[in-house]
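The values are calculated or read from the model by the stated rules, or taken from the named source; none is laboratory data. Remember, it's a predicted structure, so these values are computed and weren't measured experimentally. Cβ placement follows ideal geometry from the backbone for every residue including glycine, while neighbour counts extend to all protein chains displayed. To get the accessible areas, we keep the full protein, side chains included, count just its heavy atoms, and leave off ligands, DNA and RNA. Shrake-Rupley method; radii C 1.70, N 1.55, O 1.52, S 1.80 Å.
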Amino acid sequence: MTKILFIEDDPVLSRVYCKALEAAGFEVQHAADGEAGLAILQVMRPDLILLDLMLPRISGMDLLRIIRGSEDVKDTPCLLYTSD
């Protein structure tokens with residue numbers, strides 16, 4: 001099963017997208033901010049990261065820089081977006 005890490009701080013968007021992705025057959029892990037996303041990446045190796053650019057604590061761009069600098073997940077595809 002394809003694993004997706006969905007990093008989004010808006011609770012309504014998170015619920016809608018997580019439910020839709022799960023209904024489509026994906027395993028979804030959600031993080032509500034950049035720090036939580038980074039913590040999840042310590043234990044999960046997702047196949048795809050959906051990353052909001054506008055996040056509290058660690059911004060999406062800063063988190064992307066951390067991801068690209070990490071040997072464990074640097075090659076993981078990241079889809080960046082913003083709803084603002």
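Scanning the range 43-82 for residues that are within 22 Å of Val12 (Cβ to Cβ) and among the acidic types (Asp, Glu) returns a single hit, Asp52. Note on the range 62-79: among residues that are in contact (Cβ under 8 Å) with a residue 12 or more places away in the chain and open to solvent by 60 Å² or more (accessible area, probe 1.4 Å), the one that is farthest from Ile7 (Cα to Cα) is Asp72.
Pairs needed: first member in the range 1-25, on the phi < 0 side of the Ramachandran plot and without any contact (Cβ under 8 Å) to a residue 24 or more places away in the chain; second member anywhere, among the charged types (D, E, K, R) and buried (at least 18 other Cβ atoms within 10 Å of the Cβ); C-beta distance under 6 Å; at least 6 residues apart or different chains. Going by the 6 Å Cβ cut-off, the qualifying pairs are Ser14/Glu8.
Taken over the range 1-51, the residue count meeting the criterion of being open to solvent by 70 Å² or more (accessible area, probe 1.4 Å) and among the β-branched types (Val, Ile, Thr) is 3.
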